[in-house]
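This report concerns only the one structure given below.
Values in this text are rule-based calculations from the coordinates and carry no lab data. Keep in mind the model is a prediction, meaning the values are calculated, not measured. As a convention, Cβ positions derive from the backbone with ideal geometry for all residues, glycine included, and neighbour counts pool all protein chains shown.
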Amino acid sequence: MFKFDNITKLYLTKFFLSLHFIGAVLIPFFMEWGRLTYMQTMLLQSIFVISVTLFEVPTGAVADHYGRRISISIGIIVNILGIIAYTIKPDFFIFVIAEILWALAYALVSGADHALLYDTLKEEKKEKESKKILGKFGSIELIGILIAAPIGSLIAQYFGIVWATKAMIIPFFFSLLISFTIKEPKIKGKENNYFDTLKSGLSYFKNNKKLKILVFDAVSIFSFSLLIIWTYQLLLKDFNIPIGYFGIIHAIAVLFEVIIMNNFDNLEKMFGSKKKYILFSALVVGFSYLLLAFSTSIYLSIPLILIVFGIGITRMTLFTNYLNKFIESHHRATVLSTVSMFAKFGSGLLYPLVGFITENYSLSLTFFSLGILVLISTTFSKVREDMLID
């Protein structure tokens with residue numbers, strides 16, 4: 001029987017907010033409709049992540065102090081404003097404003113949604129199901145992206161790339177309506193003052209050694225893996241793949257993410273321990289990037305892209321499950337936003353570098369550099385099996 005409970009509402013909110021029709025044609029949107037160079041496109045992404053870095057922790061404290069549901073609803077409204085700004089006209093400075101709005105929206109929702117989900121489980125005494133539920137939550141987001149990708153590429157092909165962006169307003173509006181109905185779980189230990197909430201949450205993260213070790217491993221590999229989103233479409237263009245097929249390839253990549261995300265337990269059992277899977281998932285991303293650097297075949301390149309998507313990007317969802325075990329409820333959104341801030345900041349430092357190397361040297365050198373960075377980061381990991389608590 002269908003239950004329209006808090007978890008279902010969060011699932012639906014996430015699903016509609018994940019219908020990114022522009023996802024499969026990001027590079028054509030910026031470089032063809034937006035008339036930007038690749039370096040300018042990467043600079044925009046750097047502005048986005050710097051903005052997220054500035055917004056993440058303060059908005060996390062907003063969620064912890066004023067309410068996670070309020071934070072999510074405001075975030076969706078700002079997201080819609082960002083879409084409108086993006087589609088006014090192709091202009092770099094208007095895009096900068098749109099990126100800042102999108103960053104604020106992302107910051108208001110990120111951390112708050114996972115905190116609200118986990119505290120709902122805690123209120124219902126279902127914390128032990130968190131890996132499964134968080135995996136499903138991430139999967140629903142990916143299913144939304146999967147469904148939207150081919151639709152977006154078809155919209156772009158037949159109606160114009162800009163309409164793939166404008167069309168996102170419709171599902172985002174549905175997400176907003178559902179967010180208004182979410183119930184806020186009762187949180188014990190709230191600070192009386194917003195700034196006390198912010199200071200207390202940051203101090204909690206700073207003083208938790210295990211939390212910092214887990215965050216380094218999660219954030220470093222995730223930041224490098226995330227860059228596949230901004231490089232694989234260039235590779236498809238090099239292979240002369242028509243834009244109408246971009247969405248299909250993007251959808252397959254996301255489907256692979258969904259499969260991985262729903263089989264974390266099975267994968268950990270297959271490798272004999274949680275730590276061994278964590279190590280494997282980092283190494284396979286690093287070597288996939290290295291192989292992409294030398295690949296001259298689309299039939300080899302696409303499976304390598306799928307590996308980085310499916311195994312690299314999903315690591316953050318797996319780590320979120322483990323991180324939550326070390327965070328008290330009244331600090332949860334602030335700490336998770338801090339983690340998200342580090343992840344985005346890591347990518348932000350890399351975007352201009354990736355743009356410079358790709359534009360001035362080659363995409364192959366970019367892939368090679370990312371592979372080496374992943375392998376170097378893996379050698380610094382201090383994650384132990386006892387830190388990976390279900």
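The chymotrypsin sites (Phe, Trp or Tyr not before Pro) of the range 2-31 that meet both conditions, a loop assignment by DSSP and at most 14 other Cβ atoms within 10 Å of the site Cβ, are Phe2, Phe4. Segment Ile298..Phe356, full-extension length gain: 18.5 nm, with 0.36 nm per residue of separation and the alpha-carbon distance subtracted.
Label reach from Val96 (point 7 Å along Cα→C-beta): in the range 66-80, no amide nitrogen lies under 11 Å. For the range 266-307, the Kirkwood hydrodynamic radius from C-alpha pairs, put into Stokes-Einstein at 25 °C and a viscosity of 0.890 mPa s, yields a diffusion coefficient of 219 µm² per second. Taking the square roots of five times each eigenvalue of the Cα gyration tensor of the range 6-387, the equivalent ellipsoid has semi-axes of 31, 25, 19 Å, listed largest first. Stretched out straight at 0.36 nm per residue, the stretch from Glu184 to Lys126 would grow longer than its current Cα-Cα span by 19.2 nm. Along the positive direction of the dipole of the chain (beta-carbon charges: Lys, Arg +1; Asp, Glu -1; about the Cα centre), which of Leu44, Phe30, Ile80 reaches farthest? Farthest towards the positive end: Ile80. Computed from the Cβ-Cβ distance with R0 of 45 Å, the FRET efficiency linking Phe271 to Thr37 stands at 0.60. All other residues whose Cβ lies under 14 angstrom from that of Tyr38 are scored, Lys and Arg at +1 and Asp and Glu at -1, for a net of -1. Note on the range 232-390: Cα-Cα pairs beyond 18 Å make up 65% of the total pair count. Normalised by the number of residues in the range 6-387, the mean separation of alpha-carbon contacts (under 8 Å, six or more apart) gives a relative contact order of 30 percent.
Considering every alpha-carbon pair of the range 1-51, the percent of pairs per 5 Å bin, from zero through the bin containing the longest distance, is 5, 17, 15, 16, 13, 10, 9, 7, 6, 2, 0. Dipole check for the chain: with +1 at the C-beta of Lys and Arg, -1 at the C-beta of Asp and Glu, and the Cα centre as origin, the magnitude is about 860 Debye.
Helix check for the chain. Which DSSP H runs span at least 30 Å along their own axis by Cα, with a mean Kyte-Doolittle hydropathy no less than 1.0? TM-like helix candidates: 130-159, 274-294.
Modelled spin labels at Asp238 and Ile84, positioned 7 Å past Cα toward Cβ, are 4.1 nm from each other.
Dividing the radius of gyration of the alpha carbons in the range 3-144 by their Kirkwood radius gives 1.02 for Rg/Rh. Of the residues Leu373, Thr296, Phe280, the one whose Cα sits farthest toward the positive end of the charge dipole of the range 267-388, with +1 on the Cβ of Lys and Arg and -1 on the Cβ of Asp and Glu, is Phe280. Loop-resident trypsin sites (Lys or Arg not before Pro) (DSSP state other than H, G, I, E or B) in the range 115-193 with no more than 10 further Cβ atoms inside 10 Å of their Cβ: Lys125, Lys186, Lys188.
Taking max minus min of the alpha-carbon positions on each principal axis, the range 211-296 gives extents of 42, 23, 23 Å, largest first.
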